[in-house]
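Undergrad: Shown below is the structure under consideration.
The values are calculated or read from the model by the stated rules, or taken from the named source; none is laboratory data. Bear in mind the structure is a predicted one, so any value in this text is a computation, not a measurement. Here the Cβ positions follow ideal geometry from the backbone for every residue, glycine too, while neighbour counts run over all protein chains shown. Ligands, DNA and RNA are excluded from the accessible area calculation, which covers all protein heavy atoms including side chains. Shrake-Rupley method; radii C 1.70, N 1.55, O 1.52, S 1.80 Å.
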Amino acid sequence: MNVYADHAATTPMRACAKEAMLEALEDFGNPSSIHSAGRLAAMRMESARKEVAELLNCRPSEIYFTSGGTEADNWALRAAKYGTGDVVASAFEHHAIIHTLEAMERENARRAELVKPERDGIIDPERVRREVSQYTNLVTIMAANNEVGTIQPIEEIGREIRKAGGKSTVFHTDAVQAVGHIPVDVQKMGIDMLSLSAHKFGGPRGVGALYCRTGISLDPLLFGGGQERGHRPGTENTPGIVAMAVAMREACENMGRAAAKTRELRDRLIRRIREISGSYIHGSLEKRLPGNINCSFAGVEGEAVVIMLDLAGVCVSSGSACTSGTGEPSHALTAMGLSRRDAYGAIRITLAETNTEAEVDYIADQLAEIVRKLRG
């Protein structure tokens with residue numbers, strides 16, 4: 001049996017997104033051209049912008065298309081004009097955030113304060129508030145963690161930032177793992193900037209978006225043409241943008257049903273995993289993305305489990321796909337208090353509504369056998 005259980009890394013394209021992309025490929029005009037072919041491409045792109053804005057509850061003029069979540073994260077941190085003050089972030093952000101902050105510190109001595117998550121993988125809003133001062137110009141906390149799947153109290157964190165006197169503090173969230181899977185409303189949640197990526201909810205790879213609230217001055221990260229209202233040069237990926245909007249619409253409209261089914265599959269697999277002696281589930285079970293399971297087995301190395309599962313036809317990961325093969329344990333798990341040794345043992349299984357009970361049972365059976373062999 002072949003089972004794909006690594007949906008946090010990437011998702012298969014939805015049929016509706018493929019169809020929309022193929023249709024948009026026929027309208028090959030450059031959306032910056034003033035002739036009819038260009039105007040048609042521009043109309044498709046602006047319709048997609050309105051769609052994404054509506055789903056996030058913001059204005060179309062606040063949506064900027066990017067090549068994905070990593071570019072959006074870099075842009076949010078580097079290009080927004082919030083001065084050279086301090087930054088507050090969680091210690092288990094995606095490396096697109098962590099590595100950008102490290103580079104910014106090296107370049108201009110800008111200090112970044114990292115707030116550690118609790119042992120259950122949740123960021124305490126009060127701990128964030130204690131780090132915010134009059135010198136804090138930016139807070140960035142991910143909406144849902146990409147490794148352990150914990151959903152952060154973003155709305156409450158936003159309120160605590162304002163309470164701490166950070167009225168001018170820009171609040172950014174990396175919502176790459178959240179959009180299309182849990183409700184995201186930038187107005188309700190008090191978010192100033194947000195990053196998303198299409199391939200995490202059934203859209204194509206290589207396209208994403210940055211939401212930037214009106215009033216925040218945004219410098220370009222790149223230089224060249226005048227696309228995206230002069231903020232993001234380069235000919236827009238019109239087919240990808242159109243497909244992203246269609247995939248996002250379907251994901252959001254079917255969110256409740258998909259989440260309920262995925263949660264049932266996840267809980268079924270967790271029950272089976274707990275039957276294996278020396279097994280551990282990392283992160284909160286209540287405040288967690290519907291399909292995420294991050295687990296480890298005493299005395300067993302996670303990478304070995306991933307390889308043996310792959311040989312059995314099951315695709316999972318040992319952490320973020322962006323850092324696999326680095327030889328380093330998960331920074332997310334060590335930030336949560338796990339030892340390096342325990343973090344090396346973790347694997348990440350991420351299910352979707354397209355998985356089946358038979359596939360879940362197959363994963364569980366293979367895991368039990370693999371752990372037995374490795375311990376032997």
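Undergrad: Measure out, as a whole number of angstrom, how far apart the alpha-carbon centroids of the stretch 277-299 and the stretch 251-266 sit.
TA: So the separation of the two Cα centres works out to 19 Å.
Undergrad: What Kirkwood Rh does the stretch 194-309 have if only Cα atoms enter the pairwise 1/r average? Answer in Å.
TA: After inverting the mean inverse Cα-Cα distance, the result is 18.0 Å.
Undergrad: Could you run the Debye sum over the Cα atoms of the stretch 1-119, one equal point scatterer each and no solvent, and tell me log10 of I(q)/I(0) at q = 0.10 Å⁻¹, two decimals?
TA: -0.53
Undergrad: Please give the residues of the stretch 330-354, grouped as numeric ranges, whose backbone N is less than 14 Å from a label point set 7 Å along the Cα-to-Cβ vector of residue 369.
TA: What the label zone holds, given the 14 Å backbone N cut-off, is no residue at all.
Undergrad: Using only Cα atoms, tell me the angle between helix 69-79 and the longest principal axis of the chain; keep it within 0 to 90° and round to the nearest 10.
TA: Roughly 50 degrees, rounded to the nearest 10.
Undergrad: Top mean-square fluctuation among 227, 152, 177, Gaussian network model of the chain, C-alpha springs under 10 Å?
TA: Evaluated over the chain, the most mobile residue of the options is 227.
Undergrad: Picking from 73, 219, 174, which is most flexible by a Gaussian network model of the chain using Cα springs under 10 Å?
TA: Top of the fluctuation ranking is 219.
Undergrad: Counting Lys and Arg as +1 and Asp and Glu as -1, each charge on the Cβ, what is the dipole of the chain about the Cα centre in debye, to the nearest 20?
TA: Numbers: 44 positive and 49 negative charges, 123 e Å.
About 580 debye.
Undergrad: Report Rg (one decimal) and Dmax (nearest whole number) for the stretch 193-238, counting Cα atoms only, units Å.
TA: Expressed in Å, the Cα Rg and Dmax of the stretch 193-238 come to 11.9, 32.
Undergrad: How much of the pair distance distribution for the stretch 108-255 lies past 25 Å, counting alpha-carbon pairs only, in percent? Walk me through the numbers on the way to the answer.
TA: Values: 3881 of 10878 pairs.
So the portion of pairs separated by more than 25 Å is 36 percent.
Undergrad: Taking only Cα atoms of the stretch 120-206, what ratio of Rg to Rh do you get with Rh as the Kirkwood inverse-distance radius? All intermediate terms of the calculation are to be shown ahead of the outcome.
TA: On the way: Rg = 13.3 Å, Rh = 13.4 Å.
Ratio of gyration radius to Kirkwood radius: 0.99.
Undergrad: Take each of the peptides 34-42, 235-243, 331-339, average the number of other beta-carbon atoms within 10 Å over its residues, and list them starting from the highest. If you can, show how the numbers build up before the last one.
TA: Details: 34-42: 14.4, 235-243: 23.3, 331-339: 20.2.
Ranked by mean Cβ neighbours within 10 Å, highest first: 235-243, 331-339, 34-42.
Undergrad: Using only Cα atoms, locate the centre of the stretch 182-235 and the centre of the stretch 41-75, then give the distance between them in Å, rounded to an integer.
TA: Here the answer is 6 Å between Cα centres.
Undergrad: Taking Cα atoms, how many degrees apart are the long axis of helix 15-26 and the longest axis of the chain, rounded to 10 and kept between 0 and 90?
TA: 40
Undergrad: Sticking with this one: So if each residue of separation counts as 0.36 nm, and I subtract the Cα-Cα distance between residue 162 and residue 39, what length gain in nm does that give?
TA: Working: separation 123, 0.36 × 123 = 44.28 nm, distance 4.27 nm.
This chain segment gains 40.0 nm when fully extended.
Undergrad: Further question on the same structure: Applying the Karplus parametrisation 6.51 cos²θ - 1.76 cosθ + 1.60 with θ = phi - 60° to the phi angles of the stretch 354-367, what ³J(HN,Hα) value in whole Hz is obtained for each residue in order, glycine and proline being reported as x?
TA: 7, 6, 10, 4, 4, 5, 4, 5, 5, 4, 4, 4, 5, 4
Undergrad: Taking only protein heavy atoms into account and a 1.4 Å probe, give the accessible area per residue of the chain in Å². Please report the intermediate quantities before stating the final value.
TA: On the way: 16220 Å² over 376 residues.
In whole numbers, the chain has 43 Å² accessible per residue.
Undergrad: Run the Debye formula on the Cα coordinates of the stretch 263-376, all scatterers equal and no solvent, and tell me log10 I(q)/I(0) at q = 0.13, 0.17 1/Å.
TA: -0.44, -0.79
Undergrad: Would you work out the Kirkwood radius for the chain? I mean one over the mean of 1/r across all pairs of different Cα atoms, in Å. Kindly include the intermediate steps, with their values, before the conclusion.
TA: Values: mean 1/r = 0.0468 Å⁻¹.
Result for the chain, one decimal place: 21.3 Å.
Undergrad: Classify the stretch 63-143 as rounded, prolate or oblate from the Cα gyration tensor: take a ≥ b ≥ c as the square roots of its eigenvalues, call it rounded if a/c is under 1.5, otherwise prolate when a/b beats b/c and oblate if not.
TA: Details: a/c = 1.73, a/b = 1.22, b/c = 1.42.
Oblate, since a/c reaches 1.5 and b/c is not below a/b.
Undergrad: Angle between the Cα long axis of helix 36-56 and the longest principal axis of the chain, 0 to 90 degrees, nearest 10?
TA: Its long axis makes an angle of about 50 degrees.
Undergrad: Which value at 222 nm does the chain reach when only helices count, each DSSP H run of 4 or more adding -39,500 (n - 2.57), with the total divided by all residues and rounded to the nearest 500 deg cm²/dmol? Write down the numbers at each step before the final one.
TA: Details: 13 runs with 154 residues, N = 376.
That comes out to -12500 deg cm²/dmol.
Undergrad: Still on this model: Would you report the distance distribution of C-alpha pairs in the stretch 243-315 as whole percents per 10 angstrom bin, up to the bin with the largest distance?
TA: Pairs per bin, as whole percents: 16, 38, 29, 15, 2.
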